[in-house]
Amino acid sequence: MTGGAAAVHVGALGLGSGLLALVRPVFHRLTEGSVLAVLSENPQVREDLPSWCRLERHEYLGLEVQGSGLDRHLIRRGPHPRWDKSIANPSSLPEVASRFTGLAPRGSWVERGLPSSPFTFLSSATTAPNEASKIYQQGLLAQWDVNRDIPWNEIPRHSPVMEGAVSQIFSFLAENELAALYVPAQYLPLIPPVYVETAQALALQLADEARHIEAFLRRARASFDNKAEEDSGCQTPLSTVSTGRSLLSLFGNHDFIESTFMLSVLGEGTFLDLLSYIEQHSPDRATAEIARRSKLDEARHVHFGLAHVRQALSTDPALFGRLESAVRRRAGDLAGQGVPAPVHDALIVLAAGSDDPRAISQGHLAFGELLIQMRENRIKRLLHAGFSPEQAARLADLHTPNFM
Amino acid sequence: MKTLLIGAVAYDAKVVPIWEGMREHFKDVGVDMDFALFSNYERQALSLLQGHIDIAWNTPLAHVQVQRSSEGRTRSLGMRDTDRDFRSKVIAKDSVKTLKELEGKRLAVGSRDSVQARILPLHWLKEQGVDLSRVQIVAFDSDLGKHGDTGRSEYDVLESLEKGTADAGIIGDLVWTQELAAGRVAGRGIQVLATTEPFDHCMFDARPGLENDRIEAFQRALFDMDWDNPKHRRILEMEGLRKWLPAREDGYVKLISALNEQNAWTK
């Protein structure tokens, strides 16, 4: 801001035809008490400018007629609005977000006087992982199209047993992805706009889930082709209480970090191994491609979740205990559950490739290896997040047998 | 302390949230206050004089009226920053270039109880030498009893100029400047012919005999309101001010002479 005096030429503009667009920006740069000369060729301004000054709390000092039709209006600048400049630097994330900057983006001055905003995640340490922007960009580049990018016409007519297994698996995957869509969505409107990169990364993650749901359901229904169970010869996919309870238990937690930890680090982390398994044992290229592409997205989600949890843990050691008890609470609620039977069986048939008993035996072995693989990778991710080996092993075992 | 009962006229739906917000703020600063809403300023003025309410939020017309009826025993307590130095505008189409040319033309004016859109500017025009008996007055007596608070009659005046049912009109500078700055007047061939002298607008009036400590409590709560406080800001915006200011009387002198000259006092 500058003090002293300034002048602005407004030509023949009137107050109602653009004059203010020239005067107001100059006023904004002047300190309170500075005098602005408005040079006008429009005599109407003599009537309108003093009234505007009164309305805007500036002091109209008077008019000097300059000759040749030029008026020189003098105005003393009134008090400025009070500006909150705490987010004026666009590249600097405040450690604590103000409740009173509304939806103002970083890189702006915010007029004081806003009511308190509904955003509740006000700490950058627990809300804004440094990687958020990078992960958002990666996500943007990795978007794919269910219709275009999956070779749907390469799905052959599988045996009813195989097709039933694939259908069951993808229906189960879609059910899980619905949870992955809804649960994090509740946090989106609680992230203050100063941490918009987290909101953007999360929004893209939700878009990924929406796409997965589309792809998984389309694959699950491929053999039905609008036919009922009897006509297709395939078993209609089953949705069990154990899957439903496991997923619904994620809705009961309203803590962003705890949710991220259970959903993204443990749940989606486990899904990476599941999707690899499905890709590896897919009976056709289209099915493999769905699993492969979804896995790439999920890997990004896991990476984001890990970055989020790691950063939070590095600033708040008490969080280790909180995360462990959140997992314990959930495990307590789900006590006595195993891998849902229809999913268990379908995954074995998938790996077996048929219902031949010898093949099924191989499939059973492959499935056992999958569970071991899942546990080992969970431990690796927990270690990476910052947990001790003992904690990591405990938490890996407490994770839901429903995978997510 | 006994609950302060404040009267306000319900000229708009926003009056309810304004006064509920005010009551909450008064409570926050330890002043027990409630409000009563009236449908018109005449009834509110009467209630103040009869002691049914302690304080009335009055228009300039109601303000000078209660002062006169109580023989100066009411007390003026405070006003909005925007109530000071209010002016009216005489606006006209191209066919009228000077005030004198209003004679023989149609002049749209607001309600007969609107100080800014009728009472004061007509008095002022007469002082400027305009022979009002030769001016064809087109009156918009809308929202009578509200003393011009709704602004309805001022918008009616603007509209009549646009429609061509009047050649000139009178409007308060607040409505005029807001319409102008919002770009709603540009290109319609309406210009300001003259601006009246300044006068003051609304006032909080205390009934005769209201105790000093209660007056002080009211003023303490009122002047404590702060534009930068989000809770207060919402109320102040709706009420159209940034700051409450102490009362002053100079700004009503012209109105009193206008009412004398127009013989317009309520009996």
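Derivation of every value follows stated rules applied to the coordinates shown; laboratory data play no part. Keep in mind it's a predicted model, so treat the numbers as computed, not measured. Cβ atoms come from the backbone with ideal geometry, glycine included; neighbour counts cover every protein chain shown.
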Enumerate the aspartates and glutamates that A:LYS85 could reach by cross-link, defined here as Cα to Cα under 17 Å, with residues fewer than 8 away along the same chain left out. A:GLU95, A:GLU111, B:ASP228
Taking +1 at the Cβ of each Lys and Arg and -1 at the Cβ of each Asp and Glu, which of B:THR195, B:LEU161, B:GLY110 sits farthest along the dipole of chain B towards its positive end, judged by Cα position relative to the Cα centre? B:LEU161
Given only helices, namely DSSP H runs of n ≥ 4 each adding -39500 (n - 2.57), what is the per-residue ellipticity at 222 nm of chain B, to the nearest 500 deg cm²/dmol? -10500 deg cm²/dmol
The range A:257-354: Rg to Rh, with Rh as the Kirkwood radius over Cα pairs: 1.07
Residues whose modelled amide H sits under 5 Å from the amide H of B:ALA139, counting only those 5 or more places away in sequence or on another chain, are B:VAL109
Note: the range B:127-267 at 10 °C, 1.306 mPa s; Kirkwood Rh on alpha carbon pairs; Stokes-Einstein D in µm²/s works out to 85
I'm a student and want to see the number: the projected area of the Cα convex hull of the range B:70-118, averaged over all directions, in nm². 5.9
In degrees rounded to 10, the 0-90 angle between helix A:357-385 Cα long axis and the longest Cα principal axis of chain A is 30
Helix A:389-398 against the longest principal axis of chain A: what's the angle in degrees, Cα atoms only, rounded to the nearest 10? 70
In sequence order, what are the phi-derived ³J(HN,Hα) couplings for the range A:127-144 according to the Karplus relation 6.51 cos²θ - 1.76 cosθ + 1.60 with θ = phi - 60°, rounded to whole Hz, with x for glycine and proline? 10, 10, x, 4, 7, 3, 5, 5, 5, 4, 4, 4, x, 4, 5, 9, 4, 9
Pairs beyond 30 Å (Cα-Cα), from B:LYS89/B:LYS231; B:LYS93/B:LYS254; B:LYS100/B:LYS163; B:LYS163/B:LYS254; B:LYS27/B:LYS89; B:LYS105/B:LYS243: B:LYS89/B:LYS231; B:LYS163/B:LYS254; B:LYS27/B:LYS89; B:LYS105/B:LYS243
What are the aspartates and glutamates whose alpha-carbon lies under 19 Å from the alpha-carbon of B:LYS97, with same-chain residues fewer than 8 places away excluded? A:GLU41, A:GLU47, A:ASP48, B:GLU127, B:ASP131, B:GLU162, B:ASP167
Cα-based equivalent ellipsoid, the range B:102-164: semi-axes from gyration tensor eigenvalues, Å: 19, 15, 8
Could you work out, for chain A, what percent of all Cα-Cα pairs fall into each 10 Å distance bin, beginning at 0 Å and stopping at the bin that holds the largest distance? 4, 19, 22, 16, 11, 9, 8, 7, 3, 1, 0
Which whole-number value in Å³ per residue fits the convex hull of the alpha carbons of the range A:239-291? 93
Provide the net charge surrounding B:ILE119, with neighbours chosen by a C-beta distance below 11 Å and charges set as Lys +1, Arg +1, Asp -1, Glu -1. +1
Hydrodynamic radius by Kirkwood, which averages 1/r over all alpha carbon pairs of chain B, in angstrom: 19.2
Mean shadow area of the range A:4-124, taken as a quarter of the surface of its Cα convex hull (nm²): 9.0
Shielding of B:165-178 by other chains, given as the mean Cβ count within 10 Å, works out to 2
Normalised per residue, the volume of the convex hull around the Cα set of the range A:148-307 (Å³): 115
Only counting other Cβ atoms within 10 Å, I'd like A:TRP52, B:TRP176, A:TRP144 sorted with the fewest neighbours first. A:TRP144, A:TRP52, B:TRP176
